[in-house]
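J.: Before I ask anything, let me first share the structure, which is written out below as structure tokens.
The values are calculated or read from the model by the stated rules, or taken from the named source; none is laboratory data. Computed from a prediction, not measured in an experiment: that's the story for all the values here. Note that each Cβ is placed from the backbone with ideal geometry, even for glycine, and that neighbours are counted across all protein chains shown. For accessibility, only protein heavy atoms count, side chains too; no ligands or nucleic acids. Shrake-Rupley method; radii C 1.70, N 1.55, O 1.52, S 1.80 Å.
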Amino acid sequence: MDESESLNALSEVLTAVAEKPYDITAHAQHIRLTKSLAGMEGEAESAMEMMVQLVAAPEEIWLSLLDAKEKAVDLDTKVGVEELLALYLHAENDYLSIPILSKHLNFLVDRHALYLSGETIKPDALEEIFSTSWTRQAINGVVQKGVGHLTQSCRLWDVQRDWELDMLEGSSKSERQELVLYTQSFLLTRLQQPHPNIEETFQSYSSFTTNYMPPHDYESLLISASKIRGQSVRNMDRRERLETSITDTGGSLEAYQQAIGYERRAKHPDIFVTRGIYERAIAEAARRRFADEAGAEEALRTFWAGYCDALRILEVGVELELETYRRAVRSVPGSGQVWARYIRFLERIYDHALEAKLVQSDIEDLAPLVLARAGYEKRKVETGDADDSVLPTLIGVLENGIALAYQASKTVDAKVRLERFLVGIYESSGLVDSVFDIWKSAAKHSKSSYQVWLGYTDSCIKHERYDEARHVFLDVHTKHMDWPEALWEAWIAFEHAHGSVEEIETCLDKIESAQYQTNMRRAKEAAKAYEETQAYQATLAQNAETIILDTPVLSAIETPMEVDHPVSERGTKRNAEEDPSSEVHKKAKIDRENSTVFVADLPKDITDQDLQSLFKDCGNVREVKITQLPKALVATVEFFDRDSVPAALTKDKKRVQDQEISVHLAWRSTLYVTNFPESADDNFMRDLFGKYGNIFDVRWPSKKFKTTRRFCYVQFTSPVSAQNSLELHGRELEPNLPLNVYLSNPERKKERTDQDANEREVYVAGLSRFTNKADLEKLFSTYGPIKDVRVALEDNGHSKGFAFIEFEDAKDALNALAANNHELKKRRIAVTLADSRVRARHKSETGLSRVADARNRSVRIKNLPHATQEGLLQQVLEKITTVKRLEVFNDKQEAVVELENPADAGRLLLRTEPIVFGGNTLDLSEDIPASRATGSAQRADGQALFKPRRLGPSKPKAGLGFKQSNSNAIGQTGANQSAVASSSGGKGQDDFRKMLEKK
């Protein structure tokens, strides 16, 4: 084309770019045209700069701009270097490009070497730029952007490896130890990532270990590294066919689509590999689009949409998703699918806190959120920049927040922050009637909150509605309030300020009467709590549960030994959070072993209702649970009463839907197995016993109380299978380790009690919610030296109403019973001797330092399968690290695992290989539920983490409505208990297994 045609074409292209500045095709035509015309090099560079300012550009554009920028800026000045580095950052943010990253990396390494060698003196203006620490951080940032490229990431990482080893070799003695640890972690992290030259990486680690690690650790370190390498090699091998296809087809988009499909269909997707293949596919599609290849634009849009979906599904986090969406809309600004996903993502961000109900469950989370939003709207009103819609929006935000708070909780915010904020808005807007509507609504929702009633009466007084205020005081002064004393004092102050003498006297008389009634009610509540505690202790004494074997107990063994329950430790004290009057003490034990039948050989389409109908004439059915096994359909039927079981057993051999079923007592097909090798796990036991019949379940004990526990229950679907498998009893699976196999018979239970009473501790109930530790110390120190005071606290720091006082001497605890019915902060308190049965297992567990230490080495596990067994989960975790303690919370499908040290916890959290348990990929985090002020580690639902079980006999008590035992009587009781305790020294699990071997 001649000069005139070229100028016309250029004019048309510039018009197209001006009309559609985000049309990438127009930018590409503009750049190609300016490059084709002689003497227009400057215009071509301007065209490329225009493109990168508006849309994402492929690597060929960026490489040209980077070369030009490096020549143009002064690299001896901080401004020049930062300008070049900013351009590199911009370029790397558009698409994954190994050439750009490699260019950036070589620039960093060369400039650092230039100044480090002394060949050139680094200008002072550069400050920390190109120092070793700065360069290390910059190099790592560049390499991490390309490390997901399975085949070419080695071009970047190998440069970083050589640089790090050079820095380590030239380091001083003071720096070396820290650098050795950093380099070891750096090399091991790379071994975890699939890449083609992994053997070279392993050799680098071997050489590093030889040169810098202790010689006696060499073998163990190489073995561990070899295991890591093996997994990476397998991951790479699984994708070798796909990578070969991409290479052979010249990076065709179809080959990339196949590789993406493989990663998306994986049962346990690898985030590292998935991100890498998407980034490569997107970069290739963008390159082809710029070259005006047919179908490239559609493919690029599809890749971006799929990438965004994958990140959402894999839950990579808000920051990474947000960054990806910003890149996506810059790359494909005309894709409605990508914009739709972006908008939905933004809705998830701003509405997530409310719609996902993440904050409504706790008013301490909800209130600050609503107040922050309301405060923003209120400031717009105060500055005068708001339009007429801002005030209704502000009121709507607060009203909606209050409504959400009422939906989430049966009570209002203890500080009524939202209500007070809204009242202030109503008052400043002249909407006085709405003020009282707010307080009436709050009072209706939470009639026992003194703060609500005080707010109501304060508003009445402020707006001179004295009669209404007096009516409110009269109406609520006898109600069951959380702190009636505060309301009474407010009433008295009101009458002194606005009432007559007669009204003041009437007020005082009514308050005196209400105070008497309140004290009597509190005394009855304390007495009732004591009675319920005593009744529960009596129930426990009759139903103390241990593992009972269907084998005669040797008469020579006089001491009952625990099998699957923790032994109470001597001298321990109860956690302050464990209220003897709590609901858990009211539940009697359910005798499930003798109240459950097992039903096998069921027809395929049987339902719960069918089994309910079958057994309805036998007694009241508590629960029916049908389980589909690989080769059979079985069920368990639990009755409310064990007397229903004999009638249920008559259903054996009955025909249901023309199929004969089998009914037997569940325990008759259950085995108790112990003394197996320590390495035995769930799969081992299933393989060992599976040849005798269909296994219904293998149950493992929790080890959170005893790490030495090594037994399990194997339950078959048939009693015949259980009988046949008894032939394994006595078989040595390892030398001098005979296996013990018994039928588990719940009828033969051992007796066990906790005789270790502690006469030095008293339990104090009926406390005011504003009572603190100092108040109790002041009162009870008059009876003798106090060793410890533990007050149970709510989340807001107020007392739960009870506490434990431990004295140095038992006689002082007896003397302290005289404080029973003492008035403390206008509340009559009840004082009793503490119950030895309800105590923490270790004294250190009630101390803050012990809890803090445990939290530092603990990891929270989420996404557990339903009804997870602690023993099974511990087996999986112990294959990865050493587990000190584990507790599962099945209601939340979560667990907390305590490891040997914080380093183990850190390594587990940083583990890149997913942990799969029961078909679920476990989610690990360090978000351990916070402990309360008492030092008791708490679960989110209020239950203590690793809470010990409560066992033992009741103790003499003194309380409201009860006679105090004299010191002689109590002393005699203590002597008797000590005698029993001395004759029943606890035995461990190894002793128990030895006893079984003698049978």
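J.: For the stretch 770-805, what are the residues that are open to solvent by 20 Å² or more (accessible area, probe 1.4 Å), basic (Lys, Arg) and in contact (Cβ under 8 Å) with a residue 40 or more places away in the chain? If you could, list the steps in order and put the result at the bottom.
T.: Of the residues in the stretch 770-805, the ones open to solvent by 20 Å² or more (accessible area, probe 1.4 Å) are 770, 772-775, 777-779, 781-783, 785-788, 793-798, 800.
If we keep only those that are basic (Lys, Arg) as well, we get 773, 778, 787, 800.
Selection gives Lys800 alone.
J.: Can you tell me which residue within the stretch 92-101, out of those that are open to solvent by less than 20 Å² (accessible area, probe 1.4 Å) and part of a helix (DSSP H, G or I), is nearest to Ile282 (Cα to Cα)?
T.: In the first step, residues of the stretch 92-101 are kept if they are open to solvent by less than 20 Å² (accessible area, probe 1.4 Å); the result is 94-95, 97-98, 100-101.
So of that shortlist, the ones also part of a helix (DSSP H, G or I) come out as 94, 98, 100-101.
On the way: Asp94: 10, Ile98: 13, Ile100: 16, Leu101: 16 Å.
Top of the filtered list is Asp94.
Quick grid of which residues meet (1) surrounded by fewer than 17 Cβ atoms within 10 Å (Cβ to Cβ); (2) within 39 Å of the chain's Cα centre (by Cα); (3) under 22 Å from Leu75 (Cα atoms):
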position	(1), (2), (3)
Thr120	yes, no, yes
Glu128	yes, no, yes
Gln137	yes, yes, yes
Gly146	no, yes, no
Met167	no, no, no
Glu199	yes, yes, no
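J.: Given the criterion surrounded by 15 or more Cβ atoms within 10 Å (Cβ to Cβ), of a type in the set (D, E, K, R) and out of contact with any helix residue (DSSP H, G or I) (no Cβ under 7 Å at 6 or more places or on another chain), identify the matching residue among Arg289, Arg275, Arg234, Arg241.
T.: On the way: Arg289 fails: out of contact with any helix residue (DSSP H, G or I) (no Cβ under 7 Å at 6 or more places or on another chain); Arg234 fails: surrounded by 15 or more Cβ atoms within 10 Å (Cβ to Cβ); Arg241 fails: surrounded by 15 or more Cβ atoms within 10 Å (Cβ to Cβ).
Going through Arg289, Arg275, Arg234, Arg241 in turn, the sole match is Arg275.
J.: May I ask you to verify whether Glu219 is open to solvent by 40 Å² or more (accessible area, probe 1.4 Å) and either closer than 30 Å to Gly261 by Cα or of a type in the set (Val, Ile, Thr) (or both)? Give the steps one after another, and end with the answer.
T.: Details: open to solvent by 40 Å² or more (accessible area, probe 1.4 Å): yes; either closer than 30 Å to Gly261 by Cα or of a type in the set (Val, Ile, Thr) (or both): no.
Criteria not met by Glu219.
J.: (1) assigned to a loop (DSSP other than H, G, I, E, B); (2) modelled with pLDDT of 85 or more; (3) open to solvent by less than 60 Å² (accessible area, probe 1.4 Å); (4) not assigned by the TED database to the domain that holds Thr921: which one isn't true of Leu864, the others all being true?
T.: The one condition Leu864 does not meet is (4).
J.: On the given criteria, is Thr572 modelled with pLDDT of 50 or more and under 36 Å from the mean Cα position of the chain (by Cα)?
T.: Working: modelled with pLDDT of 50 or more: no; under 36 Å from the mean Cα position of the chain (by Cα): yes.
In short, no.
J.: For the stretch 94-118, how many residues are among the polar types (S, T, N, Q), under 45 Å from the mean Cα position of the chain (by Cα) and within 16 Å of Asp162 (Cβ to Cβ)?
T.: Initial filter on the stretch 94-118 (among the polar types (S, T, N, Q)): 97, 102, 106, 117.
In the following step, the residues that additionally are under 45 Å from the mean Cα position of the chain (by Cα) were identified as 97, 102, 106.
Among the residues that remain, those that are also within 16 Å of Asp162 (Cβ to Cβ) are: 102, 106.
Number of matching residues: 2.
J.: Just need a number here: residues in the stretch 62-93 that are free of Cβ contacts under 8 Å to residues at least 60 places away in the same chain and within 46 Å of the chain's Cα centre (by Cα). Talk me through it step by step, then tell me what you get.
T.: Filtering the stretch 62-93 for residues free of Cβ contacts under 8 Å to residues at least 60 places away in the same chain gives 62-92.
Retained after the next criterion (residues that are within 46 Å of the chain's Cα centre (by Cα)): 62-63, 66, 78-79, 81-92.
Residues flagged as free of Cβ contacts under 8 Å to residues at least 60 places away in the same chain and within 46 Å of the chain's Cα centre (by Cα) within the stretch 62-93 amount to 17.
J.: Testing Lys267 on (1) in a helix (DSSP H, G or I); (2) of a type in the set (Lys, Arg); (3) free of Cβ contacts under 8 Å to residues at least 40 places away in the same chain, one condition comes back false. Which one is that?
T.: Every listed condition holds for Lys267 apart from (1).
J.: Determine the pairs where a residue that is acidic (Asp, Glu) and surrounded by fewer than 18 Cβ atoms within 10 Å (Cβ to Cβ), located within the stretch 914-929, has a partner that is outside any loop (DSSP other than H, G, I, E, B) and at pLDDT below 85 with Cβ atoms under 9 Å apart, the partner being 6 or more residues away or on another chain.
T.: Every condition considered, the pairs that remain are Glu926/Arg855; Glu926/Ala905; Glu926/Gly906; Glu926/Leu909.
J.: Of the residues that sit in the stretch 339-385 and are at pLDDT 80 or above and within 21 Å of Glu319 (Cα to Cα), which one is surrounded by the most Cβ atoms within 10 Å (Cβ to Cβ)?
T.: Here the answer is Arg341.
J.: Of all residues in the stretch 599-648, count the ones that are of a type in the set (D, E, K, R) and open to solvent by less than 10 Å² (accessible area, probe 1.4 Å).
T.: Of the residues in the stretch 599-648, the ones of a type in the set (D, E, K, R) are 601, 604-605, 608, 610, 616-617, 622-623, 625, 631, 638, 641-643.
Going one step further and asking which of them are open to solvent by less than 10 Å² (accessible area, probe 1.4 Å), we end up with none.
Final tally of qualifying residues: 0.
J.: Is at least one residue of the stretch 331-338 open to solvent by 40 Å² or more (accessible area, probe 1.4 Å) and not in a loop (DSSP other than H, G, I, E, B)?
T.: Keep residues of the stretch 331-338 that are open to solvent by 40 Å² or more (accessible area, probe 1.4 Å), which gives 334, 336-337.
If we keep only those that are not in a loop (DSSP other than H, G, I, E, B) as well, we get 336-337.
Scanning the stretch 331-338 turns up at least one residue that is open to solvent by 40 Å² or more (accessible area, probe 1.4 Å) and not in a loop (DSSP other than H, G, I, E, B).
J.: Same structure again: Would you call Arg465 open to solvent by 50 Å² or more (accessible area, probe 1.4 Å), closer than 25 Å to Asp362 by Cβ and at pLDDT 85 or above? Let's see the steps before the verdict.
T.: Numbers: open to solvent by 50 Å² or more (accessible area, probe 1.4 Å): yes; closer than 25 Å to Asp362 by Cβ: no; at pLDDT 85 or above: yes.
Considered against the rule, which asks whether it is open to solvent by 50 Å² or more (accessible area, probe 1.4 Å), closer than 25 Å to Asp362 by Cβ and at pLDDT 85 or above, Arg465 comes out as no.
J.: Specify which of the listed residues (Glu321, Glu297) is part of a helix (DSSP H, G or I), farther than 22 Å from Pro99 by Cα and open to solvent by 30 Å² or more (accessible area, probe 1.4 Å). Outline the logic, then answer.
T.: Working: Glu321 fails: open to solvent by 30 Å² or more (accessible area, probe 1.4 Å).
None of the other options fit; the residue is Glu297.
J.: Could you tell me whether any residue of the stretch 6-24 is outside the structural domain of Thr135 (by the TED database), within 21 Å of Ile282 (Cα to Cα), in contact with a helix residue (DSSP H, G or I) (Cβ under 8 Å, 6 or more places away or on another chain) and among the β-branched types (Val, Ile, Thr)? Lay out the reasoning, then the answer.
T.: Filtering the stretch 6-24 down to residues outside the structural domain of Thr135 (by the TED database) leaves 6-24.
Applying the additional criterion that residues be within 21 Å of Ile282 (Cα to Cα) yields 22-24.
From what is left, the residues that are in contact with a helix residue (DSSP H, G or I) (Cβ under 8 Å, 6 or more places away or on another chain) are 22-24.
Now drop any that are not among the β-branched types (Val, Ile, Thr), which leaves 24.
The answer is yes, given that some residue of the stretch 6-24 is outside the structural domain of Thr135 (by the TED database), within 21 Å of Ile282 (Cα to Cα), in contact with a helix residue (DSSP H, G or I) (Cβ under 8 Å, 6 or more places away or on another chain) and among the β-branched types (Val, Ile, Thr).
J.: Counting only residues that are farther than 17 Å from Asp365 by Cα and either under 35 Å from the mean Cα position of the chain (by Cα) or not assigned by the TED database to the domain that holds Asp362 (or both), which one in the stretch 387-408 is least open to solvent (accessible area, probe 1.4 Å)?
T.: Of the residues in the stretch 387-408, the ones farther than 17 Å from Asp365 by Cα are 387-396.
From what is left, the residues that are either under 35 Å from the mean Cα position of the chain (by Cα) or not assigned by the TED database to the domain that holds Asp362 (or both) are 394, 396.
Working: Leu394: 3, Gly396: 31 Å².
Residue satisfying both the conditions and the ranking: Leu394.
J.: Can I ask one more? Which residue out of Gly276, Gly317, Gly306 is among the small types (Gly, Ala, Ser) and over 23 Å from Ser245 (Cβ atoms)?
T.: On the way: Gly276 fails: over 23 Å from Ser245 (Cβ atoms); Gly306 fails: over 23 Å from Ser245 (Cβ atoms).
Going through Gly276, Gly317, Gly306 in turn, just one is among the small types (Gly, Ala, Ser) and over 23 Å from Ser245 (Cβ atoms): Gly317.
J.: Something else: Counting only residues that are open to solvent by 10 Å² or more (accessible area, probe 1.4 Å) and not in a loop (DSSP other than H, G, I, E, B), how many does the stretch 66-91 have? Walk me through it before giving the result.
T.: Narrowing the stretch 66-91 to residues open to solvent by 10 Å² or more (accessible area, probe 1.4 Å): 67-79, 82-83, 85-87, 89-90.
In the following step, the residues that additionally are not in a loop (DSSP other than H, G, I, E, B) were identified as 67-72, 78-79, 82-83, 85-87, 89-90.
Selection size over the stretch 66-91: 15.
J.: With the requirement that a residue be among the aliphatic types (A, V, I, L, M) and either under 15 Å from Trp339 (Cβ atoms) or surrounded by fewer than 19 Cβ atoms within 10 Å (Cβ to Cβ) (or both), what does the stretch 300-318 give you?
T.: Pass one, the stretch 300-318, residues among the aliphatic types (A, V, I, L, M): 300, 305, 310-311, 313-314, 316, 318.
Of everything in the stretch 300-318, those that are among the aliphatic types (A, V, I, L, M) and either under 15 Å from Trp339 (Cβ atoms) or surrounded by fewer than 19 Cβ atoms within 10 Å (Cβ to Cβ) (or both) turn out to be Leu300, Ala305, Ile313, Leu314, Val316, Val318.
J.: Select from the stretch 736-753 the residues that are open to solvent by less than 20 Å² (accessible area, probe 1.4 Å) and assigned to a loop (DSSP other than H, G, I, E, B) and write down the one among them that is modelled with the lowest pLDDT.
T.: This residue is Pro746.
J.: When Tyr205 is evaluated against the numbered criteria (1) closer than 24 Å to Ala903 by Cβ; (2) open to solvent by 60 Å² or more (accessible area, probe 1.4 Å), which criterion, by number, is the only one it fails?
T.: (2)
J.: Does Arg885 count as outside the structural domain of Pro701 (by the TED database), modelled with pLDDT under 85 and part of a strand (DSSP E or B)?
T.: Details: outside the structural domain of Pro701 (by the TED database): yes; modelled with pLDDT under 85: yes; part of a strand (DSSP E or B): yes.
Yes: the conditions hold for Arg885.
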